[in-house]
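Working notes, structure below.
The values are calculated or read from the model by the stated rules, or taken from the named source; none is laboratory data. A quick note: this is a predicted structure, and the numbers were derived from the prediction, not measured. Cβ placement follows ideal geometry from the backbone for every residue including glycine, while neighbour counts extend to all protein chains displayed.
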Amino acid sequence: MPAPRLRSRSLRKIFRKVPGGRTNVHFKKRKPESAVCGSCGDVLKGTPREFPFRMRGMAKTKKRPERPYGGVLCSRCMRQEIIKKVRQ
């Protein structure tokens, strides 16, 4: 039976083979959910699904795509937004 603090469903079980041949269970936090588009709610491509402490160490160009509204809107909504602004 794992320790009470490890009996949470918010932790995921990772089974690791140890040198003795046994299988140990390691408990790890689950990764945060993917970033979503502010307009349509679709999952954003080109944005990592990492913990904040890992994101801090990443380069700015690795955190979001290099385009207008990168990391906020998906490419489809971005195109629509630019076309809407041009027409005004």
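Details
- Sole exception among (1) modelled with pLDDT of 95 or more; (2) in the same structural domain as S75 (by TED's automatic domain parsing) for R12, by number: (2)
- Residues satisfying the stated conditions in the stretch 52-88, i.e. in a helix (DSSP H, G or I) and in contact with a Lys or Arg (Cβ under 9 Å, 6 or more places away or on another chain): M55, S75, M78
- Restricting attention to the stretch 32-51, the residues that are outside any loop (DSSP other than H, G, I, E, B) and at pLDDT below 95 add up to 0.
- Any chance R16 is of a type outside the set (A, V, I, L, M) and not in a loop (DSSP other than H, G, I, E, B): yes
- Taking the stretch 62-88 as the range and being of a type in the set (V, I, T) and in contact (Cβ under 8 Å) with a residue 24 or more places away in the chain as the test, only V72 passes.
- Per this entry, R16 is counted among residues that are out of contact with any Gly (no Cβ under 8 Å at 6 or more places or on another chain) and of a type in the set (K, R).
- Of all the residues in the stretch 59-68, those that are out of contact with any Pro (no Cβ under 8 Å at 6 or more places or on another chain) and either surrounded by fewer than 16 Cβ atoms within 10 Å (Cβ to Cβ) or assigned by TED's automatic domain parsing to the domain that holds L11 (or both) number 6.
- Failed item, numbered, when G71 is tested on (1) under 30 Å from M1 (Cα atoms); (2) outside the structural domain of A3 (by TED's automatic domain parsing): (1)
- The stretch 1-58, subset small (G, A, S), surrounded by 10 or more Cβ atoms within 10 Å (Cβ to Cβ) and in contact with a strand residue (DSSP E or B) (Cβ under 8 Å, 6 or more places away or on another chain), residue nearest to E81 (Cα to Cα): A35
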